[in-house]
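The next block holds one structure in the form of structure tokens; read it before the comments.
The values are calculated or read from the model by the stated rules, or taken from the named source; none is laboratory data. Bear in mind the structure is a predicted one, so any value in this text is a computation, not a measurement. We place every Cβ from the backbone using ideal geometry, glycine too, and count neighbours over all the protein chains shown. With ligands, DNA and RNA removed, areas are computed over all heavy atoms of the protein, side chains included. Shrake-Rupley method; radii C 1.70, N 1.55, O 1.52, S 1.80 Å.
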Amino acid sequence: MVHFVGAGSGATDLITVRGARLLGEAGVIIYAGSLVNKELLAYAREEAVLYDSAYMTLPQVLEVIDNNREKEIVRLHTGDPSIYGAIREQMDALESMNIAYDICPGVSSLFGAAAALKTEYTLPGVTQTVIITRMAGRTPVPERESIKALAAHKATMVIFLSVSYTKELSEELIAGGYLEDTPCAIVYKASWADEKIARGTIKELSALAEDNGIKKTALIVVGDSLGNDYELSKLYDKSFTTEYRKGQE
């Protein structure tokens, strides 16, 4: 049995209880060594065999799984494996090999960054939408999903895998509709011990990355949800009637 486990966004206490248990039961652990906090491997039992997939190709990963069918196998991915996790190709291969698998979700850096920034992505009167995306690089992005096209919504945007393109990103965001002074933040290694946060505006995005020496392992948050103007929630408004509470005049 193969268990795809989300490792959390970096801090060892952000892995789920179920994820920690699966690590402790596994005979084989294949982990994304370039991104996963290796301190998480302390949950593994002493006799577990470890493989760092940073040095492996997909066929090599599948070969290890095929050769250990009788064991409990954990495929440890950073954050939550459903976001830029490259798990679909692995799951399809496992199905063709008649190998059972399941998925244990994790805490994405998307949410680790929100915690680090002490922010709420969806604010009444500001935006009720979060766009998760990336700049085109070696992996292309459909034209309909370009940064410029998505920027027209002026929603909160969380941009992965793009900190090396901050100049182009800033230009695309502004061309798409965001104002130059729209708040933004770069969060490096959200929830890790060496986490770093750089705040500014879209026009300052490139300088923020350069001045703080941030070149990788970071995500970018853009939008007025990082600002200070918003409406109070209706949920706790004393005049708002809900299923559980009658509103007062």
What lysines does Lys154 reach when the alpha-carbon gap must be under 16 Å and sequence neighbours fewer than 8 apart in one chain are set aside? Lys203
Rounded to the nearest 0.05, what FRET efficiency do Asp229 and Lys167 give with R0 = 25 Å and r taken as the Cβ-Cβ distance? Could you check? 0.35
If each residue of separation counts as 0.36 nm, what is the full-extension length gain between Ser96 and Asp237 once their alpha-carbon separation is subtracted? 45.4 nm
Hey, what's the stretch 1-160 come to in accessible area per residue, 1.4 Å probe, Å²? 50 Å²
Can you pull out the trypsin sites (Lys or Arg not before Pro) in the stretch 53-84 that DSSP calls coil and that have at most 16 other Cβ atoms within 10 Å? Arg69, Lys71
Under 27 Å from Lys246, Cα to Cα: lysines that are on another chain or at least 8 residues apart: Lys234, Lys238
May I ask you to list the trypsin sites (Lys or Arg not before Pro) in the stretch 106-177 that are in a DSSP loop and have at most 15 other Cβ atoms within 10 Å of their Cβ? Lys118, Arg138
Simple spin-label estimate for Glu63 and Ser206 in nanometres, 7 Å along Cα-Cβ: 4.4 nm
Consider a paramagnetic label point 7 Å from the Cα of Val49 along Cα→Cβ; state which residues of the stretch 15-33 have an amide N under 12 Å from it. 27-30
So how exposed is Phe240, as accessible area in Å² (1.4 Å probe, rounded to 10)? 90 Å²
Return the Rg/Rh value of the chain, two decimal places, where both radii are evaluated on C-alpha atoms and Rh is the Kirkwood radius. 1.04
